[in-house]
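The values are calculated or read from the model by the stated rules, or taken from the named source; none is laboratory data. The structure presented is a predicted model; accordingly, all values stated were derived computationally and were not measured. As a convention, Cβ positions derive from the backbone with ideal geometry for all residues, glycine included, and neighbour counts pool all protein chains shown. With ligands, DNA and RNA removed, areas are computed over all heavy atoms of the protein, side chains included. Shrake-Rupley method; radii C 1.70, N 1.55, O 1.52, S 1.80 Å.
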Amino acid sequence: MDRFTERLADFDVSYTLTAPDDVAAAIEDVTTQPAIGVELPDGLGDLPESVETDPSPAELREASTGVTEARLGIADYGSLVLPTTADGVEPISLFPEHHVGVVSSEDVVPGMADALADLGECFRDASGSAVVATGPSATADMGALVKGAHGPKTVHAIIVEP
Amino acid sequence: MTGNARTTKAEHIRHLLETEGDAVAANTQGFNDGRYESVADLEDYEALKEEARAIKEDAIERLPDLVDELREAVEENGGTLYLADDAADANRYVRDVVADVDGDSVVKSKSMTTEELELNDALEADDVEVVETDLGEWVLQVADEAPSHIVAPAIHKSRESIAELFTEVFDPDEDLETAADLTMFARRKLAEKIVDADVGVTGANFVTADSGTMALVTSEGNARKTVTATDTHVAVAGVEKVIPSVEDLAPFVELIGRSGTGQDITSYVSLLTPPVGSPTLDFDADETGPAADREFHLVLVDNGRMDMREDDDLRETLYCIRCSACSNSCANFQQVGGHAFGGETYSGGIATGWEAGIEGLDVAAEFNDLCTGCSRCVNACPVGIDIPWINTVVRDRVNRGEDAEFDWLVDGLVPDAEPAGLDPQKRLFGNFSTLAKLGSATAPVSNWLSDLSVSRGLMERFVGVDRRRDLPTFQRETLREWAADRPPVRNPDRQVVLFPDLYTNHVQVERGKAAVRALEALGVAVRLPDVTASGRAPLSQGMLATAREHATDVADALVPHVEAGRDVVVVEPSDYALFQREYERLLDEDRYETLADGSYEVFEYVYGLLANGADADALADGSGERVAYHSHCQQRTLGVETYTEAVLDDLGFDVVTSDVECCGMAGSFGYKREYYDVSMAVGEDLATQFSTDETVDRTVVASGTSCLEQLDDLLARPSKHPIELVAP
C-alpha cells in the first residue's frame, strides 16, 4: 500500500484512505458539480446523492466530475484499472475533467504482471475490457507537457480499507 | 550517387538542420535522457527485455497459427477479422465498412499502420471526412505535413509554429499562446468531431490471440474516446502485432513507455476485447443504447510482412514494437529527425527494415546511409533487435541492386568482392585497407598529394569526400615495422597478439607504440600479426562479401594464436566491437566464439593485468592530471569503456567522461560531402561538453580513431588515445 500511494503521488493523483461507511462523504469532499457516476460494487460503499447515475450523452459532456470503481490498483505504477462496463465506467471516467476512482485496498496488486494475470482470465472468459489508467490524461504535442488532453485533467483515488 | 545528387542531399539536410533541427534535438534528447532514468528504476531491465524478445520470437515463429487462434477469439466476441494482403486490400475493406454503416465521418487515433496504407486518402476519395484526434497528428493534418517521429509525430514543430498555424487556419476568438491554450483549443475542436463521428479507427500496439484483446498505449485519451463515442470500431494493425496471451503483454507494457519517451508508463493502456461493453452514445438524439449495438472489425495487414518473416535478415524487424528508442538514441536522428532519416512511413534506425520490407529497397536506400552502425540503439531496443545489422544488410542489397547485369564485365578488376555498379564513394571508403597500405608506402608524397587543393576538389567531385575535412596522415614507418625491432620481453607473464588495425598501423601509429610499451611494462610479450584489415571499413559501406573475406583473413591469422594460449588485444574499439558482435555473422560459430572470447580491448586487458597483480607503478603516474575522456559508441554498447575510466582513475588521473551517444564522425560518415553538416552538428554536442568551465582546460583523450579525428576538427586543442597517457 505504501508503494501504491507513493506512486499515485508520483503521477499527480491525490488520494483518500477511508472505511466503506465513509466512502460517500469522501467522494462528496472531492467532487465538483455537476457530477456523474456508476453505482459502486459491494464492499466499496455508496455514492453520495449528489452524483447522478446513468447519464445521458449530454450530461456526460457537461459533467465536471466522474466517479467510478476501479477493479484493481497496481502498486508499482500507481495505476487504477478501470473496467469497461454496461453502466458506463469507461465514458464516465473519461469525459469529465475530474475523475474519482474508488478502489478496495484488497484489490491493490504489486505489479503489472499480477494485474494482467487477473485480467487475462476475465478477458478470455467474459470478453472483458479495461483501461490501465495512470495519472491524468496528458500531451506534450503542443510544445510542453500539458495535463488534460482529451481526458481528465485531475484524478483522485479513494482507497477503501475494509 | 552522382555529384549533383550529393549536393541536393547535402542541401536538404542543411535545410532540415536549420528549420527543424533544434526542436527535434531538444525533444529526442529529452526522451533519450528520460529512457536512461526510467529503465534504471526497473529491478531487472535486462531480464524484462529478454522476456519481451522471447515472446516476439515465439509469436513470429508461430504467426499463422496465432492468427487462426485470434480469428476464432474475435469472431466468438462478435467481431470480424480481415487479413489484408496489401494496402489496397486493407483500404478497400475499411471503405466498405464505412459505406455499410452509411458513415460520412471517421475519427482516428494515432496509427502508423494506417499512415503506411494511406488510409486517410482512400477514405477521403469516398467523400468521407477523416479527422486525426491525436493532437500531434492533428497538427500535422492541419499543416499538411508528414510525421517526423513514429511516436511524437510533430516534434519538429515548436509551440510558436503551432500557435501561428492555428491562428492562421482557425482565426480563433482568443489568443493562443501557451501549450495549455493550444491543447484546450484542440480538445474543444476535436471533441465536436468525435461526438459527430460515425466510425472510430484505431491502431493496436499488441493483439492477443487467446482472447482477441488489443492493447493501445496512449496518453491523451483520444483512443479511448474514439472507441467509446462511435458505434463502429475498426482497428488496423500489422499482422506482426499478434502475441499469444494477455499475460504476455506484461513486459511490453512495462518497457514501451520507458524505452520510447522515457515515461514509466503512459497515462492509458487500453486493453480492449471489442466490441467493447460500454453503452453506445448517440449525442444527436441524446440517448444511450446497449453495447450489443457495437460493431468491431480487426484488419490485420500483411503488406510484405509475411515475406519478411521468411527473410533471415529482415525477420527481426517484425519484433519491433515501434517505441522509438532507436530514433531517440541515434545521434544523427537527434539532429535531422524523421524527415531526413525516414522513408515513406517509418523513421529512425529500424525504418530501414520496415521500408525495405514494405516499400522496397529503393525507398530504404534514400535514408539508410544515415545509420553509421554506431550501435547505440542496440541496447536501447526493448526487444534487442540488431538494428545496425539490418541497415548493413539492406545497404549490401542496395549496392548489389544497382547495375547488377554488368557485374560479369568487370568483376575481378576491382579490389573487392563487390558488384561493378557499387557507388565509387562506398568503394573508396570500403577499401581503406588498400589505401592505407599504399599511403604508408608512399608517404610523405601521398600526404602532400592528398592535401593539394586540386586533388581535394577532384575527390569531392568524383567520390564525395568533403574538402573541409582533414584527411588521415599516413606514417612512413608502420607500427609493424617499428615493432619488428623491439627487444623481446624476458620471462613474460603472458603472451599478447596486438591487432595492428589499419589506423593504428598506418595513421595513428603513436597509440600503437604506446600500447606496446604499456603492455611490455606490465610484463607481457607483444607480437604483431601480419593482418591489419578487420573488415570494418567495407562492412560500414554495406560491402558484406568483402567484409567476410577480411574477417576470414583475421580469423586465419588470430585464431591459432588464441588456441596456443595467447591473448588478442585490440586498440581500435570499432574493431574490438567487430570481433565481439558482427563477426558472429561473418564467421563460423566456433571461430567466432574462440576469437570473441580470446580478445580484449586494450584498457580492458590492462585493467585485468592490474587486477591480477601487475605493478601499476610501471605505468605513468596521473598525479591528478585533469582529463576529458570521450569513449567510443561501440565500446559503450559493449560496456567496456568503464575499464578506461577505472585504470585512469587508479593511476591518479582526474577523469570526466562525455555522455553523448556518438561523436558524429563514425568512420567514413563525416568525410562524406552529403553528411558533413549532420556530422558536425552531432559533434557540436561533444564540443560543447568539452568546452565548459569544468572541462575546457582538460587534456582530451578518446578511444576511437574517428572520434579523435572529429575532436581534432571540433576543438582547438589536440587529442590522443588514453593509452598514450599511461604508457611509460
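When you scan region B:233-268, how many residues do you find that are of a type in the set (Phe, Trp, Tyr) and not in a strand (DSSP E or B)?
1
Only one of (1) more than 18 Å from residue A:150 (Cα to Cα); (2) surrounded by fewer than 23 Cβ atoms within 10 Å (Cβ to Cβ); (3) aliphatic (A, V, I, L, M); (4) more than 10 Å from chain A (Cβ to nearest Cβ) fails for residue B:131. Which number is that?
All conditions are met except number (1).
Of everything in region A:133-154, what is in contact (Cβ under 8 Å) with a residue 12 or more places away in the chain and buried (at least 24 other Cβ atoms within 10 Å of the Cβ)? Give them in sequence order.
Within region A:133-154, A:133, A:134, A:135, A:137, A:149, A:150, A:151, A:152 meet the criteria.
Within the group A:100, A:30, A:109, which residue is at pLDDT 95 or above and either of a type in the set (S, T, N, Q) or crowded, with 21+ Cβ neighbours inside 10 Å (or both)?
A:100
Mind checking which residues of region B:658-678 are closer than 20 Å to residue B:538 by Cα and free of Cβ contacts under 8 Å to residues at least 60 places away in the same chain?
B:665
Could you pull out the residue among A:130, A:117 that is free of Cβ contacts under 8 Å to residues at least 12 places away in the same chain, of a type in the set (Gly, Ala, Ser) and within 30 Å of residue B:244 (Cβ to Cβ)?
A:117 is the lone residue from the list that is free of Cβ contacts under 8 Å to residues at least 12 places away in the same chain, of a type in the set (Gly, Ala, Ser) and within 30 Å of residue B:244 (Cβ to Cβ).
Can you find a residue that is buried (at least 18 other Cβ atoms within 10 Å of the Cβ), under 22 Å from residue B:589 (Cβ atoms) and over 32 Å from the mean Cα position of the chain (by Cα) anywhere in region B:485-507?
Yes, the conditions are met somewhere in region B:485-507.
Any residue in region B:11-34 that is among the hydrophobic types (A, V, I, L, M, F, W, C) sitting within a Cβ distance under 6 Å of a residue that is surrounded by fewer than 18 Cβ atoms within 10 Å (Cβ to Cβ)? List the pairs, counting only those 6 or more apart or interchain.
B:23/B:158
Is it the case, given these coordinates, that residue B:329 is open to solvent by less than 20 Å² (accessible area, probe 1.4 Å), within 11 Å of another protein chain (Cβ to nearest Cβ) and either touching a residue at least 12 places away in the same chain (Cβ under 8 Å) or aromatic (Phe, Trp, Tyr) (or both)?
Taking the combined requirement at face value, the residue does not satisfy it.
Take region B:202-240 and flag every residue that is among the hydrophobic types (A, V, I, L, M, F, W, C), away from chain A (no Cβ under 11 Å) and under 27 Å from the mean Cα position of the chain (by Cα).
Listed by number, the residues that qualify are B:204, B:206, B:207, B:236, B:237, B:239.
Condition test on residue A:117, is it assigned to a loop (DSSP other than H, G, I, E, B) and either at the interface with another protein chain (Cβ under 7 Å from one of its Cβ atoms) or touching a helix residue (DSSP H, G or I) at 6+ places or on another chain (Cβ under 9 Å) (or both)?
no
Hand me the list of strands (runs of 3 or more DSSP E) wholly inside region B:167-232 holding 3 or more residues that are at pLDDT below 95 and on the phi > 0 side of the Ramachandran plot.
Because the criterion is at least 3 residues that are at pLDDT below 95 and on the phi > 0 side of the Ramachandran plot, no strands (runs of 3 or more DSSP E) in region B:167-232 meet it.
List every residue pair whose Cβ atoms lie under 6 Å apart, where the two residues are 6 or more positions apart in sequence or sit on different chains, the first residue falls within region B:97-110 and is at negative phi and in the same structural domain as residue B:234 (by TED's automatic domain parsing), and the second residue, located anywhere, is hydroxyl-bearing (Ser, Thr, Tyr) and not in a helix (DSSP H, G or I).
Note: pairs meeting the criteria are B:101/B:232; B:107/B:133; B:109/B:133; B:109/B:202.
Which is under 35 Å from the mean Cα position of the chain (by Cα), outside any loop (DSSP other than H, G, I, E, B), in the same structural domain as residue B:132 (by TED's automatic domain parsing) and among the charged types (D, E, K, R), of B:145, B:164?
B:164
Table: residues versus (1) surrounded by fewer than 22 Cβ atoms within 10 Å (Cβ to Cβ); (2) β-branched (Val, Ile, Thr); (3) more than 18 Å from residue B:268 (Cβ to Cβ).
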residue: A:4; (1), (2), (3): no, no, yes
residue: A:13; (1), (2), (3): no, yes, no
residue: A:35; (1), (2), (3): no, no, yes
residue: A:48; (1), (2), (3): yes, no, yes
residue: A:64; (1), (2), (3): yes, no, yes
residue: A:70; (1), (2), (3): no, no, no
residue: A:94; (1), (2), (3): no, no, no
